[in-house]
């Protein structure tokens, strides 16, 4: 197979691992900087130009779209879909998962557990917003944030009011969530491929930090998850329309609660903690499922 990995940097660990695994399994691989792709959007002869080449022969693509580049990155994925190229994660699913509010609303429609979440626009509603989320301590998140960036813990009502007022003043879109005390600064990252959780780790926040993200200095260790946690992670991935995802959840008194669904989950920490060749499992999934996209399925919004 000819596989393209859409990544800003070929030296990123996850990009290197996916390329290495694909080559080991006998495939041709090219890393494409999606920000350098030029798209010719036309009904008669759509195309993608990259470094004086026309990209049209790939059997599959693996999008590794950075959170700050979602708009352009997903546009490139859509253009590949227009050409009929299989993407392990569809463009519409990536866009859906990147919007924290939209993803939580979709999960809520299907009865998936999550921390109580509030959303408002008017500053006059801040007090009610804090009450809706259960009162302090509260977690305040930028809707567009990822890897723990744009996440603040407000331990008092005054602190929550101050943070929300400031962010609203900057025209930032935020959500306010209840703080799950019993999680004790730990969360579970489930790595889902297809309809299976292929690996899971428990992530611990460093001392003085409430965010357990490895990018924020957290540590990870392999963990055995419960049946409910496994089913929740798989169902959440399917609701987003993803085939590969890192699903972050908390263990609470009322069961597993979804925090976030990452459409470009990193491989380094979880492969090291679990000693599993996740990159190879991803390539194997593509081998079994990659096929040209039909005209009907290309139009997804």
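The values are calculated or read from the model by the stated rules, or taken from the named source; none is laboratory data. Given the structure is predicted, the values throughout are model-derived calculations rather than measurements. When we count neighbours, we look across all protein chains shown, and the Cβ atoms used for this are built from the backbone with ideal geometry, even at glycine.
Examine the stretch 63-77 for a residue that is in contact with a helix residue (DSSP H, G or I) (Cβ under 7 Å, 6 or more places away or on another chain), within 15 Å of residue 241 (Cα to Cα) and part of a helix (DSSP H, G or I), and state whether such a residue exists.
yes
Among the numbered conditions (1) in contact with a strand residue (DSSP E or B) (Cβ under 9 Å, 6 or more places away or on another chain); (2) not in a loop (DSSP other than H, G, I, E, B), tell me where residue 92 comes up short.
Every condition holds for residue 92 apart from (1).
State whether the residues of the stretch 200-216 include one that is within 23 Å of residue 112 (Cα to Cα), modelled with pLDDT of 95 or more, touching a helix residue (DSSP H, G or I) at 6+ places or on another chain (Cβ under 8 Å) and crowded, with 20+ Cβ neighbours inside 10 Å.
yes
Can you pull out every residue in the stretch 91-112 that is in contact with a helix residue (DSSP H, G or I) (Cβ under 7 Å, 6 or more places away or on another chain) and crowded, with 17+ Cβ neighbours inside 10 Å?
91, 93, 94, 95, 96, 97, 98, 103, 106, 107, 112
Scan the stretch 9-31 for residues that are in contact (Cβ under 8 Å) with a residue 24 or more places away in the chain and either closer than 14 Å to residue 79 by Cα or part of a helix (DSSP H, G or I) (or both) and jot them down.
Correct list: 13, 14, 15, 17, 18, 20, 21, 22, 24.
Is the stretch 54-70 home to any residue that is modelled with pLDDT of 95 or more and more than 25 Å from residue 284 (Cβ to Cβ)?
no
Go through 169, 194 for me and flag whichever is farther than 24 Å from residue 105 by Cβ and touching a helix residue (DSSP H, G or I) at 6+ places or on another chain (Cβ under 7 Å).
When all the criteria are applied, what remains is 194.
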